[in-house]
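The values are calculated or read from the model by the stated rules, or taken from the named source; none is laboratory data. What you see is a predicted model; the values in this text were computed from it and never measured. We place every Cβ from the backbone using ideal geometry, glycine too, and count neighbours over all the protein chains shown. Only protein heavy atoms, including side chains, enter the accessible area calculation; ligands, DNA and RNA are left aside. Shrake-Rupley method; radii C 1.70, N 1.55, O 1.52, S 1.80 Å.
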Amino acid sequence: MLAVVISAAGLLLAKLSAPPPTNFDLGPFAFWVALTLISSFVPVRLPGGVLAYLNTAPLLAALFDPSLANPFAVCWIAFLGTFELRDFKRQLPWFGTLYNRSNWVLSAFAAWVALAVTNPWVKAADPYATFAQILIVGFAFAIANNFLSVLAASVRQQSPFAKIWALSVRNVAIGLLGQIPMGWLMAKIALGVGYWATLPFLIPLLLARYTFTKYAETRDLFFGTVSALSQAIDAKDGFTRGHADRVSRIAGAVAREMGLGEAEIERIELAGLLHDIGKIGVEDRILMKPMRLDADEQELMRRHPIYGASILEPSAALRPLVQMVLHHHENFDGSGYPEGLRGEGIPFGSRVIIVADAYEAMTSDRIYRKAIGHERALEQLEKYKGIQFDPKVVRALQQLLAKRGPGAFEVSDLPPINYETLAELRRRLAREPLIRDAHAG
Ligand SMILES: [Fe+2]
């Protein structure tokens with residue numbers, strides 16, 4: 001797939017260059033290559049692993065510059081001007097470097113086609129037509145560029161195309177909308193005042209880069225914090241290490257299988273990570289009891305969804321998860337807790353999480369019992385569908401496991417948990433003398 005993109009770009013460049021255009025002027029060409037290079041050098045990594053570049057404005061400026069021999073010039077500027085620091089540091093495989101160049105060349109060509117097609121309708125003094133043309137050209141460029149970037153990211157990360165597309169498209173669109181008219185303006189100023197007058201445009205570009213970076217950092221911080229919180233619960237339990245992470249991935253995959261939108265899938269994944277956060281409020285003697293709980297203890301344990309909801313409620317970012325967490329132990333027939341909701345009255349995310357939670361619990365070892373295995377877990381889900389579980393959710397999980405196999409959720413995008421959990425640390429320290437005793441006397 002990626003090789004097809006590279007070949008297409010190679011063929012296009014060869015076709016445009018043989019024979020080379022007669023009206024080629026090296027000066028403006030070199031200027032736009034240099035300006036594009038400056039803005040390409042350090043891209044910003046956005047959620048989903050797609051990179052945001054600020055070179056769209058100078059690249060489109062070259063496209064709108066009528067003194068250049070386009071499409072020959074703009075395609076070569078797209079090839080030469082988009083090298084970035086990673087290419088020089090050899091942080092990318094040669095294949096990746098070639099693919100990225102191909103992406104820019106093809107996107108620039110798509111924009112040129114849009115310009116050439118719309119040109120006959122645009123008269124010089126018509127602002128509406130000019131504005132429409134800038135938008136059409138910009139979108140042709142942006143869609144080709146994002147499509148090829150997401151394609152590469154999806155192959156590299158082995159995650160679904162739709163997921164990365166949905167994560168990246170809004171961010172990229174916002175960034176590009178700013179850069180598209182700027183590119184047109186840069187070309188006008190270069191021709192009207194002089195090429196040197198386009199240099200101050202680098203300032204808003206660098207400011208945009210700073211904003212992008214801050215946004216990506218904030219999002220990373222949010223997910224990192226949620227992940228740390230969920231690992232804190234796993235660590236306290238000890239015997240459910242990695243449980244929340246797997247529940248989150250199973251729930252997200254089931255929601256995706258059921259055709260939900262990416263924003264809702266992300267909320268369900270977050271709720272999956274935090275579903276047992278309320279266990280912080282359950283006493284250790286109950287939470288860490290290695291035997292079955294008696295009736296009173298069970299009653300106290302059953303309060304954890306309520307505690308969880310109250311922990312999440314004060315945070316605006318986590319508030320959308322409150323209902324899913326509060327109801328993650330509601331049974332489909334109304335026999336669950338805390339409110340005894342039934343059927344469709346239970347939030348959809350909770351119905352997904354309870355299935356993911358049960359499947360994960362049955363297929364991983366606990367301190368008081370061994371895992372019963374994939375086949376028996378599926379039998380149990382089948383047996384209790386319509387009673388404890390939403391039959392539609394169970395069917396989606398069955399389809400998913402039939403497609404991917406029982407090992408589907410073992411591979412994690414997250415780094416492996418290779419540290420000592422809190423419970424392990426407590427057990428180890430309990431066996432060792434207290435430090436003050438060691439120094440006593
Ligand atoms: Fe729970």
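General observations
The rows are residues; the columns are (1) surrounded by 15 or more Cβ atoms within 10 Å (Cβ to Cβ); (2) in contact with a helix residue (DSSP H, G or I) (Cβ under 7 Å, 6 or more places away or on another chain); (3) at pLDDT 90 or above.
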{"site": "LEU206", "(1), (2), (3)": "no, no, no"}
{"site": "TYR215", "(1), (2), (3)": "yes, no, no"}
{"site": "ASP220", "(1), (2), (3)": "no, no, no"}
{"site": "VAL226", "(1), (2), (3)": "yes, yes, no"}
{"site": "ASP237", "(1), (2), (3)": "yes, yes, no"}
{"site": "ALA251", "(1), (2), (3)": "yes, yes, yes"}
{"site": "GLY272", "(1), (2), (3)": "yes, yes, yes"}
{"site": "ILE286", "(1), (2), (3)": "yes, yes, no"}
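- Total residues in the range 294-306 satisfying the condition of being under 27 Å from GLY349 (Cα atoms), outside any loop (DSSP other than H, G, I, E, B) and either within 14 Å of the ligand (Cβ to nearest atom) or of a type in the set (Gly, Ala, Ser) (or both): the figure is 6.
- Residue within the range 277-293 that is within 25 Å of the chain's Cα centre (by Cα), farther than 18 Å from GLU339 by Cα and assigned to a helix (DSSP H, G or I) present: yes
- Flag if TYR195 is aromatic (Phe, Trp, Tyr) and surrounded by 16 or more Cβ atoms within 10 Å (Cβ to Cβ): yes
- Members of the range 117-131 that are in a helix (DSSP H, G or I), at pLDDT below 90 and open to solvent by 40 Å² or more (accessible area, probe 1.4 Å): ASN119, PRO120, TRP121, PRO127, TYR128, PHE131
- Filter pass, GLU257 being in contact with a Gly (Cβ under 6 Å, 6 or more places away or on another chain), in contact (Cβ under 8 Å) with a residue 12 or more places away in the chain, surrounded by 15 or more Cβ atoms within 10 Å (Cβ to Cβ) and closer than 30 Å to GLN399 by Cβ: no
- Lone qualifier among ALA253, ALA244, ALA271, ALA309 - being more than 16 Å from the ligand (Cβ to nearest atom) and assigned to a helix (DSSP H, G or I): ALA253
- Here PHE31 meets each of (1) over 15 Å from VAL105 (Cα atoms); (2) surrounded by fewer than 17 Cβ atoms within 10 Å (Cβ to Cβ) with one exception, condition (2).
- Here SER159 meets the list (1) in contact with a Gly (Cβ under 9 Å, 6 or more places away or on another chain); (2) not in a loop (DSSP other than H, G, I, E, B) almost entirely, failing just condition (2).
- The set of residues in the range 82-109 being surrounded by fewer than 16 Cβ atoms within 10 Å (Cβ to Cβ) and within 18 Å of THR36 (Cα to Cα) consists of LEU85, PHE88.
- Test: residue in the range 346-367 that is more than 30 Å from ARG395 (Cβ to Cβ) and buried (at least 19 other Cβ atoms within 10 Å of the Cβ): no
- Scanning the range 338-354 for residues that are assigned to a loop (DSSP other than H, G, I, E, B) and without any contact (Cβ under 8 Å) to a residue 12 or more places away in the chain yields a total of 1.
- Inclusion of SER335 among residues that are without any contact (Cβ under 8 Å) to a residue 12 or more places away in the chain, of a type in the set (Ser, Thr, Tyr) and either more than 15 Å from the ligand (Cβ to nearest atom) or touching a Phe, Trp or Tyr at 6+ places or on another chain (Cβ under 8 Å) (or both) is not warranted.
- The set of residues in the range 162-205 that are outside any loop (DSSP other than H, G, I, E, B) and among the small types (Gly, Ala, Ser) comprises ALA162, ALA166, SER168, ALA173, GLY175, GLY178, GLY183, ALA187, ALA190, GLY192, ALA197.
- Residue within the range 92-110 that is within 30 Å of the chain's Cα centre (by Cα) and closer than 26 Å to GLY192 by Cα present: yes
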